[in-house]
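Undergrad: My questions all concern the structure below.
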Amino acid sequence: MNNRNGIEAARTIWKERPDTRILFWSNYSDEAYVRGVSRIVPDGAAYGYVLKSASDERLRLALRSIFVEAQCVIDREVRGMQQKSLGQTKGFSDTEYEILVDIALGLTDRAIARRRNLSLRSVQNRLQQLYEKLDVYQAASDDHEDSRFNLRVETELAHHIKMAAM
């Protein structure tokens, strides 16, 4: 393809005709490429993503499913990567859900780290990702509308201040 990759070509095609059925037949199963495909697929589109390492029979089945039956067909290896990619923006992973349960139980970052056998920094990074997903923030003060902080951090800070005052 002259200076274009499959994602760019599909984007152009779907922009003009979103009902077009497309099969991505690729060597790439890396997360960045799969994420690029996931971002451009129109809602309700019948498309497929099959790796070139797939058997001839698998390719025939994919072609029939997409172009005759209007079904989506995603190679198993790619599907796992795609679900991981989409999971970062829609819903929670199992680990995120477990950490949400720990938060609901009132555990501190350190307690979560010990319980889940993770480093403190890993827990804090995951918590930050959860806060961003959940949009759990409020303005720090009326004077600085764009300065934001996490509500849980505010609660822990208030608790530490209260304990220090005793």
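No lab work stands behind these numbers, since they all come straight from the coordinates. Keep in mind it's a predicted model, so treat the numbers as computed, not measured. Cβ coordinates were reconstructed from backbone atoms using ideal geometry, including for glycine residues, and neighbour counts include every protein chain displayed.
Undergrad: Each label point is 7 Å from the Cα along the Cα-to-Cβ direction; what then is the distance between the points at residue 103 and residue 116, in nm?
TA: Roughly 1.0 nm, to one decimal.
Undergrad: Karplus couplings for the stretch 118-130 from phi (6.51 cos²θ - 1.76 cosθ + 1.60, θ = phi - 60°), rounded to Hz, Gly and Pro as x?
TA: Values per residue, Gly and Pro as x: 10, 6, 4, 4, 4, 4, 4, 5, 5, 4, 4, 5, 5 Hz.
Undergrad: Same structure again: For residue 20 paired with residue 76, estimate the spin-label separation in nm (one decimal), with each label point 7 Å from Cα along the Cα-to-Cβ line.
TA: 3.2 nm
Undergrad: Multiply the residue gap between residue 57 and residue 125 by 0.36 nm, knock off their C-alpha separation, and tell me the result in nm, one decimal place.
TA: 20.1 nm
Undergrad: If the chain between residue 94 and residue 135 were fully stretched, how many nm would it gain, using 0.36 nm times the residue separation less the Cα-Cα distance?
TA: Roughly 12.8 nm would be gained on extension.
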